[in-house]
Amino acid sequence: EKLGVKPLLPWLNRVEKLKHMSEITPLIAALHRVGIGGLWGGLIDQDAKNSERYLLYFYQDGIGMPDRDYYLKDDAESRRVKEAYMKHMHNLHKLMGVSEKETKESVATVMRMETALAKASMTKEDARDSEKIWHKHSIAELQKLAPSIDWKRYMKDSGASKERTVNVMQPDYMRAMSKMLVTVPLADWKVYLRWQVMDDTAGLLSKKFVREQFNYYGKAPAGNKKMKPLWRRALGATNVSLGELLGQIYVKEHFPAEAKIKMSALVDD
């Protein structure tokens, strides 16, 4: 509670110090490593075409609202969620100590950029089609697809320099995002990346930030009325970040060897 926004200052300062577009790649890699999103995301999963190995997947991840349709449609529900999102952006900027004038400019900039990214994003229906999200690329092919990103540098900084192939789930999005990195000025990218840092970490700060994060993400799209107690949120965060490691400790204490023999026999039968 006493720290307020202080834990974020190193990241916000790093965004503010960006001097050239070439510095965006290492910054995004650093943000991704600590769980802050922006532009695209990555995950390790089983190779959908070869169950004997794992594969690195890259996917579209540039927008703040849950789905592209909220940016592009004009029905009552889309307007409701969009208005709540813009209010959330405004509130969070104010909590961070940003002036009213700069807040309004930042909200407009982020909405303009996220709307452009939403237009390039695959629909949720297509994203559920396993064939439509299967586009295996070598790193060299990925570099040609999205040349504005230094992919070798990104892979190195992400700890994935040994990977030779990746599945680019939405290549059209990556292509459009790469073009935006050429056409959109650095000043706007700094506003966008500052928002990514603020929004992705607000739930880890003091109560007023946590409350604001819930007021939008908990209520507007999800429809929750009440925030979960702190112990539930702490357990959820632990499961997301350390679930496998925690599971190993649990198994060690509560799943003896004889239980494993019984379960293995049951599964074999």
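The values are calculated or read from the model by the stated rules, or taken from the named source; none is laboratory data. Owing to the predicted nature of the structure, the values given are computational and were not obtained by experimental measurement. Note: ideal-geometry Cβ built from the backbone for every residue, glycine included; neighbour counts use all protein chains shown. The area values use the complete protein model at the heavy-atom level, side chains included, leaving out ligands, DNA and RNA. Shrake-Rupley method; radii C 1.70, N 1.55, O 1.52, S 1.80 Å.
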Do you know which residues across the stretch 134-150 are among the basic types (Lys, Arg) and not in a strand (DSSP E or B)? Lys144
Return only the number of the condition from (1) of a type in the set (D, E, K, R); (2) open to solvent by 100 Å² or more (accessible area, probe 1.4 Å); (3) within 15 Å of Leu204 (Cβ to Cβ) that Glu244 does not satisfy. (3)
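Out of the stretch 210-222, which residues are surrounded by 15 or more Cβ atoms within 10 Å (Cβ to Cβ) and of a type in the set (Gly, Ala, Ser)?
Gly218, Ala220
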Evaluate the stretch 151-168: report whether one residue or more is out of contact with any Cys (no Cβ under 8 Å at 6 or more places or on another chain) and under 23 Å from Arg112 (Cα atoms). no
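Given the criterion open to solvent by 20 Å² or more (accessible area, probe 1.4 Å) and under 18 Å from the mean Cα position of the chain (by Cα), identify the matching residue among Ile28, Ile63, Ile36.
Ile63
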Any residue in the stretch 248-269 that's assigned to a helix (DSSP H, G or I) and hydrophobic (A, V, I, L, M, F, W, C): show its pairings with residues that are modelled with pLDDT of 90 or more and open to solvent by less than 100 Å² (accessible area, probe 1.4 Å) at Cβ separation under 9 Å, as long as the two are six or more apart or on different chains. Met263/Phe255
Name the residues in the stretch 178-195 that are within 23 Å of Lys6 (Cα to Cα), open to solvent by less than 20 Å² (accessible area, probe 1.4 Å) and not aliphatic (A, V, I, L, M), would you? Trp189, Tyr192, Trp195
Hits in the stretch 66-88 (condition: over 19 Å from the mean Cα position of the chain (by Cα) and open to solvent by 60 Å² or more (accessible area, probe 1.4 Å)): Leu72, Lys73, Asp74, Asp75, Ala76, Glu77, Arg79, Arg80, Glu83, Lys87
Considering residues that are surrounded by 18 or more Cβ atoms within 10 Å (Cβ to Cβ) and among the polar types (S, T, N, Q), the number found within the stretch 89-102 is 1
Contact list, first residue from the stretch 28-57 and touching a residue at least 12 places away in the same chain (Cβ under 8 Å) and on the phi < 0 side of the Ramachandran plot, second anywhere and β-branched (Val, Ile, Thr) and open to solvent by 40 Å² or more (accessible area, probe 1.4 Å), beta-carbon distance below 7 Å, six or more apart or interchain, is Leu56/Ile44
Residue satisfying all of: in the stretch 228-241; open to solvent by 100 Å² or more (accessible area, probe 1.4 Å) and of a type in the set (Lys, Arg); nearest to Pro66 (Cα to Cα) among these: Lys228
Filter result for Glu52 (open to solvent by 60 Å² or more (accessible area, probe 1.4 Å) and in a loop (DSSP other than H, G, I, E, B)): no
From the list Lys207, Lys225, exactly one residue is touching a residue at least 40 places away in the same chain (Cβ under 8 Å) and loosely packed, with under 10 Cβ neighbours inside 10 Å. Which is it? Lys207
Testing Ala108 on (1) open to solvent by 20 Å² or more (accessible area, probe 1.4 Å); (2) assigned to a loop (DSSP other than H, G, I, E, B), one condition comes back false. Which one is that? (2)
Filtering the stretch 117-133 down to residues that are over 12 Å from Asp69 (Cα atoms) and part of a helix (DSSP H, G or I), which residue is least open to solvent (accessible area, probe 1.4 Å)? Ala127
